[in-house]
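Bear in mind that the values in this text are calculations on the coordinates, not laboratory data. Computed from a predicted model, the values in this text were never measured in an experiment. Glycine also receives a Cβ, built like all others from the backbone with ideal geometry; neighbour counts cover every protein chain displayed.
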Amino acid sequence: MEKIRGFEVAKGFEDKGINLPIRKTKFSAGYDVEAAEDCIVPSLKKGMKPTLVKTGIKAYMADDEVLIIANRSSNPGKKGLILANSIGVIDKDYYGNEDNDGHIMFAFYNIKDEDIQIKKGDPIGQAIFQKYLTVDDDNAEGERTGGFGSTNK
């Protein structure tokens, strides 16, 4: 079978019991993504960096596709978890990069007064594959040289 788009376990997580994302209903746009390990998202304090929650997965896709990662709609109200970047954009060339193999992580802030514990296997977000368009005079020829946050390095 030809690989067009999908999820795989990222390097370093092969024997960690990672569940690949699935859609729960036939009309769901998003694939439910789980945490790869237990972690604590501390209560937000001024100047804090977001907590990167590991998923243990990577995604492959067609040349004209992008993977959007979004928060669960219940996370802000129930757990106080918001994504630091509102949504995540996972480009095709993030897959298999030399820095982290394309490992997808969710960058969370916790707006509750108390720390929030995330357990391995807890659903933390959704992943949605989408087509994207380019402008008429697009001439992007650059090559990815790293992993998470490497675009402007």
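For the stretch 116-132, backbone nitrogen atoms closer than 20 Å to the point 7 Å from E2 Cα along Cα-to-C-beta are found at 129-132.
Take the Cβ atoms of T25 and D136, set R0 to 35 Å, and the FRET efficiency comes out at 0.35. Modelled spin-label separation between K11 and K45, with each label point placed 7 Å from Cα along the Cα-to-Cβ direction: 3.6 nm. Under a model in which nothing but the beta-carbon of Lys, Arg (+1) and Asp, Glu (-1) is charged, the stretch 9-131 shows a dipole of about 580 debye around its Cα centre. Give the lysines whose C-alpha is closer than 22 Å to that of K49, dropping any in the same chain fewer than 8 places away, or say none. Straight-line reach from K49, under 22 Å: K78, K79, K112, K119, K120, K153. Of the trypsin sites (Lys or Arg not before Pro) found in the stretch 31-89, the ones in coil according to DSSP and having at most 12 other Cβ atoms within 10 Å of their Cβ are K45, K46.
Rounded to the nearest whole angstrom, the semi-axes of the ellipsoid equivalent to the stretch 9-131, taken from the Cα gyration tensor as √(5λ), stand at 23, 16, 15, largest first.
Within the chain, the longest run free of GluC sites (Glu not before Pro) that sit in a DSSP loop with at most 11 other Cβ atoms within 10 Å is 15-97.
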